[in-house]
Amino acid sequence: MIDDLGIKDAFASITGQALLQALLVVLIASLIIMVIQKVFPRVAEKLGGKPRLYLLASVPLLRLLIILSTIVIVVPILVEPSFENMVAIFGALALALGFAFKDYANSLIAGIVTLYEMPYRPGDWIEVDGQYGQVRAIGTRAAEIVTPDDTVVVIPHNKLWNSLIANGNNGTDNLMCVADFHLEANHDVGRVRELLRDVAFTSPRTKTWLPVLVIVFNKPWGMHYRLKAYPFDPKEQFQFISELTARGSAELARQGVKFVSVPVAAN
Amino acid sequence: MKDKTSENMDDPCLPGGLVPLEQWVLPQTSVRRSLKDAIRHALEQLRVGVSQAEEPFESMDELPELSAAQKRRLAPEPDYADQAAAIACGLEDARKDGSLTREVVCLVAPPFSGIQQALACFSEPGQSGSVESGGEEWRIVLPPDALSFDDQEACEWWDRQDLSRPWVIPELADFWLRCLSGLALVKELFRRIANGDTGRGIVGCSSWCWRYWGQYLENAQMSPWTPAPMDAERLGVWFARLASDNGKRVVTARMTSDGEYVLPLAKPDDTEKRKYSTFLRDLAAMARGNPGVALAIWQRSLRARPDDDAKLEEADEKPKKQSGAADCWVVPLARLSLPAMPQSKESVTGFVLHGLLLHNGLDMDSLETVTGVSVYELSLVLSRLKRADLVACDQSNKRWSVTPIGYPTVRRHLQSWGFPLDQF
């Protein structure tokens, strides 16, 4: 079968020197990729806002470019780049991958799709199958996210085909946060809405040029308020929500507005 | 009373005069303008030869910065009373030509523009440096000692202020704190202005504070005015005026690198052909048209020999007589060491700097209130920023504020961290 595909002919011209050269190219490419993967996130950590996101997002793209360049350089070193040889090599490769690494290939292809569709980028805050966290790295086969509890979750790219992926900031540094307040009924709703809006506007973490909204729902157990605002940095989201909740609760208590005293789930 | 009837736009105390906020544009050089300037500059270079005598005869880069006396003489702080008179005149002109129809005008300017100090000169008649306009006496409204008010208390406080006769608030940022009980005074003031419950007034406001309140009160339309941005030409006029000691002196400033002229500015009727530097254009862009920042960088870029003090005094005695040698030398912007932001992964630095700009300076306790950062941590951050020349503490009132020379660095830092910025 190998003869039929012309693989034998394609590899007949490979010499020891060519192998060494190819190995050297692969080694250099791997080193460059490693350096990029180590250095870029470190530099990005020192930057704030958009430059950090752009730098992080460039890592997988650069890696793909280096891999493609390596293939383009290595293949002519090893085999004569004729049409027949190329068909033979890539045909055999596709066959092997198709049978042996079906899921792996699936993830690889999905990985390439993520690079141009960009459902998530490094630095994005995403939720996939109930796991929420910040995308730390996008590999060839899978993406890594770090949860707020500092746990790394590896998500294969093939989740892209059949899972819902929620992206909180979608490549920007705008991430809406929501602080919930469950209050007893019979209070001045207008006053509470105004007060909660002031709570967001007086937080040093708020992006005041983006909307600050206070939504209220009438529930059987009382009133449910949702204070929505954007922190200046998505990384600050948990401190931001905590601060809004703490300051809002303190001020509501000072105003004599009471919180519901039974668990919401019990209703 | 200081009366100014001449065209306000040409007033060297306030070059460009006052303009509506929406007409303010950032001084910058477009690609077209840069190319045009570069070609013109190159042509001038080819046309005009520099004689040996005009070249810097020695390297000026190692010259020391100006002494206090030299600074007072060559790049002094502006006279705010003159600026106040120019503002009064500008507002009067705007009222006359119908472009300003509101009873209360808001003057918004970036920090260090000098508007607050100028408006503070709109004091009671008889006091030195006071300004009257149209025969009216202006009353300065001072902020209360404590800024925590509820809505009712704020209403009562404003009731006690006489806003029926002309009044001035030099800096609105002094009337609020970014905390739940610190908003009431400004909210009530804007309510009264919007309802037309006050007499003629002027509200001075730092651009950072204005931006915040513009976002908080999104439906308030105050149509603010602002000083025109300082472009290269206006900066040249202003610097020349500051150094001229009321026209007694003509200061010559040349670049240390190549001897090109910065001051005096080129005049159309000049017979003597000189090579001019693009320093002022670059300075205007770097300072974003902010006169206070430009002046601080200008002061730092000037160099003079230690023995020039005597020469300058001699020049003072011989007014209007311009010697061939330069009075001072100017270091290129690229070689200036401006304050750099200390590296930090924490956002506390941003909270502190943003809080200081928002309130036009704060004492330690108020800073703790608006940032939520403990006094202990604040003292660590502030001392670090002070060492970097980015903030300074006024020992008289213990208020911390951003330095003019550090302002461009601070603004860039806040921008990169995603904090809300002003529009200047």
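Taken together, the values in this text are just the output of simple stated rules run on the coordinates, not laboratory data. Here the structure is a predicted model, which is why all the values come from computation and not from measurement. All Cβ positions, even for glycine, are placed from backbone atoms using ideal geometry, and neighbour counts span all protein chains on display.
Structure data summary
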read-out	value
Positive-pole candidate from A:Q255, A:A92, A:C177, dipole of chain A, charges at beta carbon	A:Q255
Shielding by partners - mean other protein chain Cβ count within 10 Å, residues of A:207-215	3
Peptides B:106-114, B:255-263 ordered by average Cβ neighbours within 10 Å, highest first	B:106-114, B:255-263
The range B:215-285: relative contact order in percent, alpha carbon pairs under 8 Å with at least 6 residues between	32 percent
Percent RCO, i.e. relative contact order, over chain A, from Cα pairs under 8 Å lying at least 6 residues apart	14 percent
Normalised contact order of the range A:177-266, rounded percent, pairs of Cα under 8 Å and 6 or more residues apart	41 percent
Set B:K345/B:K398; B:K71/B:K248; B:K187/B:K345; A:K159/B:K345; B:K96/B:K248 screened for pairs whose C-alpha atoms are more than 24 Å apart	B:K345/B:K398; B:K187/B:K345; A:K159/B:K345; B:K96/B:K248
The range A:215-222 - phi-based ³J(HN,Hα) in whole Hz, Karplus 6.51/-1.76/1.60, Gly and Pro as x	9, 10, 10, 8, 10, x, 8, x
Shielding of B:412-419 by partner chains, average beta-carbon count, 10 Å	5
Residue of A:V154, A:V35, A:V199 that the Gaussian network model of chain A assigns the largest fluctuation, springs spanning Cα pairs under 10 Å	A:V35
Angle between chain A longest axis and helix A:49-78 axis [Cα atoms, degrees, rounded to 10]	10 degrees
Average other protein chain Cβ within 10 Å of Cβ, residues B:245-252	0
Burial order of peptide ranges A:217-230, B:179-192 (average beta-carbon count within 10 Å, highest first)	B:179-192, A:217-230
The range B:384-424: trypsin sites (Lys or Arg not before Pro) in DSSP loop, at most 14 other beta carbons within 10 Å	B:K398
Lys, Arg +1 and Asp, Glu -1 on Cβ, resulting dipole of the range B:103-222 about Cα centre, debye, nearest 20	360 debye
The range A:177-266: Lys pairs at Cα distance under 27 angstrom, eight or more positions apart or on different chains	5
